[in-house]
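The values are calculated or read from the model by the stated rules, or taken from the named source; none is laboratory data. Here the structure is a predicted model, which is why all the values come from computation and not from measurement. Cβ coordinates were reconstructed from backbone atoms using ideal geometry, including for glycine residues, and neighbour counts include every protein chain displayed.
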Amino acid sequence: MDFHRLAQERSLLAHRELADRMKIDPSLVDHAKATLTRWIEQDRIHPEYAAKWSLLLDGPRDRLREFIGSDTEEAKDMRQSSPFAGALDARARWILWKAAKAAA
């Protein structure tokens, strides 16, 4: 089993779930903005990724939802420093973990 691929699949599924949830819960973006701000203040994110996430989070919601759920190389890279960390509860993460494992 390729654990790196499994982690990428799990992250993709989680971000697709978040993209769907954003349609009815825009506070998810506020959560991500607060997380990103905290990471920048604590120097916990590379400035390049911080700038890209900032543009995405401040831009059109449709573009953000499309990007975080895409399977492009840039999206894969960006998800490794996603400010949406912690936005899904443990039960949702467990369900996604099982789905990613089944897909791998």
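Selection of segment 93-104 for residues being surrounded by 14 or more Cβ atoms within 10 Å (Cβ to Cβ) and under 12 Å from residue 11 (Cα atoms) yields 93, 96, 97, 99, 100.
Which one is nearest to the chain's Cα centre (by Cα), of the residues in segment 2-27 that are buried (at least 16 other Cβ atoms within 10 Å of the Cβ) and closer than 13 Å to residue 64 by Cβ? The extreme case among them is 15.
Surrounded by fewer than 17 Cβ atoms within 10 Å (Cβ to Cβ), in a helix (DSSP H, G or I), over 11 Å from the mean Cα position of the chain (by Cα) and of a type outside the set (Asp, Glu): is that true of residue 76 in this structure? Considered against the rule, which asks whether it is surrounded by fewer than 17 Cβ atoms within 10 Å (Cβ to Cβ), in a helix (DSSP H, G or I), over 11 Å from the mean Cα position of the chain (by Cα) and of a type outside the set (Asp, Glu), residue 76 comes out as no. Scanning segment 33-64 for residues that are in a helix (DSSP H, G or I), free of Cβ contacts under 8 Å to residues at least 12 places away in the same chain and farther than 21 Å from residue 23 by Cα turns up 37, 38, 40, 41, 47, 48, 51. Answer with yes or no whether residue 60 is at pLDDT 95 or above and either over 10 Å from the mean Cα position of the chain (by Cα) or of a type in the set (Ser, Thr, Tyr) (or both). In short, yes.
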